[in-house]
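Worksheet: one structure, shown below.
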Amino acid sequence: MKPMVRTLRSQLIIFALISLAFSIVPIITTLTVDKSGLGQALFLIWYGLLPPLMIFLAGMLINRTETIPFLYVGKIWMGMGIWFALQLLFLVASPLGIVFRLVSLPAVTVGGKGFVAGALLFLGGGIILYRLGLKGKGWKPAFGPLAGKAALGLMAVIIAAGIPLFVLAGMRMSDSVLVDDAKVPAQAEIFGWIKDVYDMGIRRTGSAADLKTIGYLERKLREIGIADVRTETFVFDYWEAGDWGLSLRDGSGQERRVPAFYVPYSRPTGREGVTGDMVYVGKGTKADFKKTDVRGKIVLADLPAVNISWDKMKIFSYLAYDPKGTTGNWEHPYPIGWMFKYEAIYERAKEQGAAGIVGILQGYPDIGEFTYYAPYDGIFRTVPSLYVMEKDGERIKAALAEKPMKARVLLDAKISKRGGRTATVYGILPGKRETSLIIHCHHDAPWRSGIEDSSGVGMVLALAKYYSRIPLEKRDLTLVFMLTGSHMVGAKSNYDFIEKHRDGLMKNVLYDICIEHISDDYNPPNPSTGNPEPRGVFVTENPVMLSIYARLVGRHDMQRLLVFPTGSPLGVPTDAQPFHNEGYGVNTMISGPSWLFDDDDTLERVDERQLVPVSRLYIDLISQIGRKSDWMLKFNLNWLVMGLMLLLTPLAVIGSVKK
């Protein structure tokens, strides 16, 4: 029995090396091509089919002389199980470093689902079958070589013809653009809706301007032809800043004010503020806090910018469409990067009893009055906190290095538990099928916010008006046009809506299509180049939806656009996140200019020339997927692969019959 065990060990090493090689293929693809090509995108979208199939065939070849069925199947299955287990391991380890993130790309591109089941089924099942085979006898088939040849022939047909035909059927869409251009709202009309919302004023969740916007959206949906319009109120914890400021005082007793802005939902200090010794903790790491006593003191911490770049982001994408090559050296701070840094420091400062926090936003664009509104999760924080610009932070650090200083943090704010009110407004257009798509964005905003998200409201209204002009008999799917109202307090109303309608409207939802931020590429201090801000589209990892979308990106020439799996390091950074978290499919577009949460987000920033092209893209997409069966837009590639392997296994056993 020892030679057989040695053979098994060798095989397992071979299968592990093959699995590792297949794990590296997407990285090599990313590093050797620019990702603007459709062929390369489709290869990555369907790549999950390839490794298990190739390992299955390799196992058949390596074990072609095996005469005991359980040993034969056991060794093949263990080979496939190694692939699933290795990718599962890489996926779990991905937070530990970039190397693990890169080699887990095959798992990310299929959604990270099915790897536990694949490892248990094939690795665990293979071990069981192998052990049973060790006690078995030689192969005594109940059929002859002719049946074996027929089985191998059928397997060859499935692999060589059946799989390619299925893939082609999944990618197939109408050769013509399914858009009636006469019914697409004009650029000026779409921009007019965006301006209407912008002119409502500062639309913080539950503010007077936001409530006024809700009424406007109800009327507008009816005006453009949606008969069934509904409004659902949502109550939340309200927080509103009244006054804020930062004052510093040295030993002389002289006090000076420093320009600052508040961290939303921080604990109010009252009119008197909170005073304490100021201590600098660097970047606020665990080590920094260990060597500094912050109890009862005002913590000063660096919040470094988290830069995003086209070249870094495209590594985790299926498609990085930039055929004109305009994104060379494109890079700027991620608008929620400083927020993430603050949240980590807040937890440490809170734990150690700090009296207040002052975060220095390093690399924040200097675009006038400082007004960075984030985090926006609607969670009350018990430590009063302010932000300062980098130039002011550097002056504070220099002064603090010379002599001790006291700081007074003032944050006078109104808090009302369950005292805020907003609403979700939505209109329903019936289709030939009950299967539905949600097309949505949010109407609340940190400021007047031309981009965040007046522009998204304009896109939803544009699609609503278009489809209201399309007769029922030509609308394949039921369409729900939704404007949500709690994005700036953590999108809580989205979860509430899902729960309320889980057994009703949500039961038939196929995908949530969320469109946000139609922005130019203004990157201060540089002016806009006239190009759109690079945008990411996050799509649930269904290969049919992804294939159709990737093809439409080129068809509609969506320059500077990246298509991501939902499992990329960016996650789903849009108002679609609750739908994704609750298990619904998403297709969501967003851009992330560095000034997104600043009052510099004005109407001027809206990329008006993109309003009609983006509308046409999504009209074409909605119409194309309406021609697909529901199951084609829902299945996960790993589950398809496992089913295929189970189908091929008995054919492989029969095909192994010898004369």
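Structure notes:
- Straight-distance crosslink candidates among aspartates and glutamates, where the alpha carbon sits under 14 Å from residue 324 and sequence neighbours closer than 8 are dropped: 34, 557
- Counting Cα-Cα pairs of region 239-417 in 10 Å increments starting at 0 gives whole-percent bin shares of 10, 36, 32, 14, 7, 2, 0.
- Given charges at beta-carbon only (K, R positive; D, E negative), |dipole| of the chain in Debye: 3280 debye
- Only aspartates and glutamates eight or more places from residue 403 in sequence, or on another chain, were considered; those with a Cα closer than 12 Å are 250, 277.
- Across region 1-85, Cα-Cα pairs more than 16 Å apart make up 56 percent of the total.
- Mean projection area, nm², convex hull over Cα of the chain: 33.7 nm²
- Estimated dipole of region 239-417 in Debye, rounded to 20 [Cβ of Lys and Arg +1, of Asp and Glu -1, Cα centre]: 480 debye
- Segment residue 529..residue 414, full-extension length gain: 37.2 nm, with 0.36 nm per residue of separation and the alpha-carbon distance subtracted.
- Working note: Debye formula, equal point scatterers on the alpha-carbon atoms of region 489-639, no solvent; log10 I(q)/I(0) at q = 0.11, 0.14, 0.18 Å⁻¹ is -0.47, -0.75, -1.16.
- Reference-scaled alpha-carbon Rg (2.2 N^0.38 Å with N residues) for region 313-425: 1.43
- Of all aspartates and glutamates in the structure, the ones whose alpha carbon falls short of 14 Å from that of residue 183, not counting any fewer than 8 places away in one chain, are 620.
- Distance between region 332-368 and region 114-133 - C-alpha centres, whole angstrom: 48 Å
- Region 119-219: C-alpha gyration tensor shape, a/c 1.5 cut-off, then a/b vs b/c: oblate
- Pairs exceeding a 27 Å alpha-carbon distance, out of 75/149; 290/414; 465/507; 35/465: 290/414; 35/465.
- Mean-position separation - Cα centroids, region 271-320 and region 154-184, in angstrom: 49 Å
- Per residue of the chain, the DSSP helices (runs of n ≥ 4 H) give a summed -39500 (n - 2.57) that works out to -12500 deg cm²/dmol at 222 nm.
We did not get these values from a lab; they are worked out from the coordinates using the rules stated. For clarity, every value in this text was computed on a predicted model and none was experimentally measured. Neighbour counts run over all protein chains shown; Cβ positions are idealised from the backbone, glycine included.
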